[in-house]
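*Asks:* The structure that follows is given in the form of structure tokens.
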Amino acid sequence: MRDLEASGQLEGLSRKEAKALASGAVRERVPLLAEEIAERVAKSGNPLFGSVEAVNGYVNIAFNGNAVAAALIEEVLRRGPEYGQGAPIAELVMVEHSQPNTHKAFHVGHLRNSVLGVAIANILRAAGYEVQDANYIGDIGMHVVKCLWCYERFHTGEEPESPEARGRWLGEVYAESDARLNFRKDVLDFLQLLATEDQAFVAVIDRLLKYLWRKGADGEDIAYLLGRIVQAQPIKDDLLREDDVIPKFWPIVGDQLRAEVAAPKPYVPVEGEPEPTMTPEQRLARWETLAARMDEWWAASPGWRDEVREEFARWEAQDPAFVALWERTREWSMADFRRIFAELGAEFDVWLYESEVDEPGKRMVQELLEIGIAEMSEGLTVVKIDEKLGLEEPTYRTMPVLRSDGSSLYSTKDLALTRRKFEELGVDRAIWVVDVRQSLYFQQIFKILELWGFEQAKQAYHLGYEMVVLPEGVISSRKGNAPLYDDVRNAVLARAREIIEEKNPELSPQRKEEVAWQVALGSLKYAMLARDNNKVVTFDLEEALSFDGHAAPYIQYAHARASRILEHAGETEESLLPKLDGLDFGALQPEELGLLQGIAALPEEIQRAAVEYRPLLIASYVYDLAKRFNDFYHACPVLTSPEPTRTARLALTAATRRTLANGLALLGIAAPEAM
RNA sequence: GCGCCUGUAGCUCAGGGGAUAGAGCGUUGGGUUGCGGACCCAAAGGCCGCAGGUUCGAAUCCUGCCAGGCGUACCA
């Protein structure tokens, strides 16, 4: 087409006509061109090409299967652990992930983050980037203050003797503090829930009110409650004149719930009404939990909130006794985290702490105020991002950057942290592996830094991923339904030990234990990674305990199988390497070809996974490769085949084994020699 | 309201312009005088949320709708 353009032949023609003319001109020349190309290719003498010929304008190249296979296998065995890796790229990428909060429990939600972060970092590293893993410990903030308040107020001296149990115990204290402080809200939310989804409850309101009246409750309170419940509106406790009206009201609510459990009515869906979220039994259980604490907690709860505020002031003032307690308890959690990360194989180049960027963050906000990016609004320091960018539609909205009492927010610290990553740590690109629910939050942080004139904000990227939920719903440490990492790991480990005992009893006890860990952790990790970032992971313990099918053990098993074949043959990668010259499969079988194609795909899969930040691609890839190996295994005997096929298949087995191991390593999953 | 995400087999998920839409689990029936059966083979099971559009061709791209989830000024 360019020739025709140059000669002016295309002037005055429509695009379509020009195309037709150009393709016509080319078509005439195609058969000649094809022959020319075929001749040149044939003359090049590439040993990977079997035959080259021109047919009707097409160039047909038949590959020399054995030569291509030998070249591929040679590369895999020669590069070993480095097979699949890309050429070095001079860019320092920091992947921040894991970010656990001290004084809180480490649960399966945190597991997804760590596993995903490690995989992303591994993949980027394999793609050629220089990568640093960073952890960012939430070692201070309101959650720590609440936990320490609850500890000092109710549990001093009760901590477990054994140091290993203290981190977990601290998490329980935190959960209790939350339950105490939110008690009134929980009670009122529960009443609203009943009003929303329990028609029988609303129907007996009249009876409840008479009961209250007899108890001498204030008439206005009763009218208020009646109105709110009938309309299923939230109840505000500060609008009640008598503080004990709810505790008085409570027993009759229990009577009603017990009656519903005793005489269950079948659920009839009503058009336009949402389905109930709880069964009558669950409602009663919830009522009982709250009832058990009603007498003490209802009255005390508001005072506790004041106490927490005082506790927070102690932190702000750096009260030495408080700081000492904070340091001591913080270490309980940190010891737990170090153990968990060691189990997960998560290693960090950089450890960052919220407590370290607290003051720098506040200074930065001062600077933002001085240059007019931040401003005071209703006593709060905010950045009105949309206004500053001149946006009409609400896009980035307004971000608070400092509490009205002058204490720091999460955002205060992240502003300073981001700056530190680029300016002090010399990072070229920074990635945050954080829950997708914080995506607006990160856009705001990055935009504020941009407004501030921070060029590198463009190299900051929030990698959001969806949360982990349970079959019965959202994980909530407040509801107490969050499966803790330790519990899940123990359950999966126990199951793995059982299966190993059953399948391979002759392994030594040490090997059994090692393999149990490899299989258990591998399964958990694979379950987290074989799902795309933007998909919710439904964590089902039953499923996690099944090691069949599309799961890590399938892939690990293929690796063990390949290892065993090589062991039987007495061959290794090193011993096979010199035998690759003139490798001869005989007639290449479809399963062999499929396997070779699978092995060859690793480098491009790594590049794609790195560009898209998607470990799922590698998870799918290794599963597919294991499947191809099983096809090969069932179709093509290795050890019993005559030479030269035997050696060729052994070499293919060794290359597969290596590729499987490399792929699993990217996901942080072990590749056992036997299992 | 606005914004982001999701909708594919009974269930959990792949596939992201190209052939008859694929796996696993579950269901039914098979396979080892073969290198490890944590495996393999076969069967049944789909208006790819709905409706338009772009294209020779759409599960895939565009628009609109429906359903669900999440976010949206002092939690992290």
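*Asks:* Restricting the search to segment A:612-644, which residues are of a type in the set (V, I, T) and modelled with pLDDT of 95 or more? Before the answer, list the steps.
*Replies:* Of the residues in segment A:612-644, the ones of a type in the set (V, I, T) are A:618, A:622, A:638, A:640.
Residues satisfying the conditions are A:I618, A:V622, A:V638.
*Asks:* Considering only segment A:460-474, how many residues are surrounded by fewer than 18 Cβ atoms within 10 Å (Cβ to Cβ) and either modelled with pLDDT of 90 or more or assigned to a loop (DSSP other than H, G, I, E, B) (or both)?
*Replies:* Summing the residues that are surrounded by fewer than 18 Cβ atoms within 10 Å (Cβ to Cβ) and either modelled with pLDDT of 90 or more or assigned to a loop (DSSP other than H, G, I, E, B) (or both) in segment A:460-474 gives 6.
*Asks:* Going through segment A:342-355 one residue at a time, which ones are out of contact with any helix residue (DSSP H, G or I) (no Cβ under 8 Å at 6 or more places or on another chain) and surrounded by fewer than 18 Cβ atoms within 10 Å (Cβ to Cβ)?
*Replies:* Taking segment A:342-355 and keeping what is out of contact with any helix residue (DSSP H, G or I) (no Cβ under 8 Å at 6 or more places or on another chain), we get A:342, A:349-351, A:353, A:355.
If the condition is that a residue be out of contact with any helix residue (DSSP H, G or I) (no Cβ under 8 Å at 6 or more places or on another chain) and surrounded by fewer than 18 Cβ atoms within 10 Å (Cβ to Cβ), then A:A342, A:D349, A:V350, A:W351 are the ones that fit.
*Asks:* Restricting to segment A:160-188, name every residue that is more than 27 Å from the chain's Cα centre (by Cα), open to solvent by 30 Å² or more (accessible area, probe 1.4 Å) and touching a residue at least 40 places away in the same chain (Cβ under 8 Å).
*Replies:* Answer for segment A:160-188, where residues must be more than 27 Å from the chain's Cα centre (by Cα), open to solvent by 30 Å² or more (accessible area, probe 1.4 Å) and touching a residue at least 40 places away in the same chain (Cβ under 8 Å): just A:P163.
*Asks:* Being touching a residue at least 40 places away in the same chain (Cβ under 8 Å) and of a type in the set (K, R) is the filter; apply it to segment A:335-362 and report the residue that is nearest to A:R420 (Cα to Cα).
*Replies:* So the first thing to find is which residues in segment A:335-362 are touching a residue at least 40 places away in the same chain (Cβ under 8 Å), and the list is A:335-337, A:339-341, A:343-355, A:357-358, A:360-362.
When the remaining residues are screened for being of a type in the set (K, R), the result is A:339, A:362.
Working: A:R339: 28, A:K362: 14 Å.
Restricting to residues being touching a residue at least 40 places away in the same chain (Cβ under 8 Å) and of a type in the set (K, R), the top hit is A:K362.
*Asks:* How many residues does segment A:308-334 contain that are more than 12 Å from A:V145 (Cβ to Cβ), in contact (Cβ under 8 Å) with a residue 40 or more places away in the chain and surrounded by fewer than 19 Cβ atoms within 10 Å (Cβ to Cβ)?
*Replies:* The total comes to 1.
Conditions (1) in contact (Cβ under 8 Å) with a residue 40 or more places away in the chain; (2) touching a Gly at 6+ places or on another chain (Cβ under 9 Å), marked per residue:
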residue	(1), (2)
A:A516	no, no
A:A520	no, no
A:R531	yes, no
A:A552	yes, yes
A:R561	yes, no
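*Asks:* Let me ask something else. Please return the ranges of helices (runs of 4 or more DSSP H) entirely within segment A:579-675 where 1 or more residues are within 13 Å of RNA strand B (Cβ to nearest atom), polar (S, T, N, Q) and touching a residue at least 12 places away in the same chain (Cβ under 8 Å).
*Replies:* Values: elements: A:590-600, A:602-612, A:615-635, A:645-666.
Qualifying helices (runs of 4 or more DSSP H): A:615-635, A:645-666.
*Asks:* Can you pull out every residue in segment A:131-145 that is assigned to a helix (DSSP H, G or I) and buried (at least 23 other Cβ atoms within 10 Å of the Cβ)?
*Replies:* The initial filter retains those residues of segment A:131-145 that are assigned to a helix (DSSP H, G or I), namely A:142-145.
Matches in segment A:131-145: A:V144, A:V145.
The values are calculated or read from the model by the stated rules, or taken from the named source; none is laboratory data. The shown structure was predicted, so the numbers you read here are calculated from the model rather than taken from an experiment. All Cβ positions, even for glycine, are placed from backbone atoms using ideal geometry, and neighbour counts span all protein chains on display. Quick note on the areas: whole protein, heavy atoms, side chains included, nothing else; ligands and nucleic acids left out. Shrake-Rupley method; radii C 1.70, N 1.55, O 1.52, S 1.80 Å.
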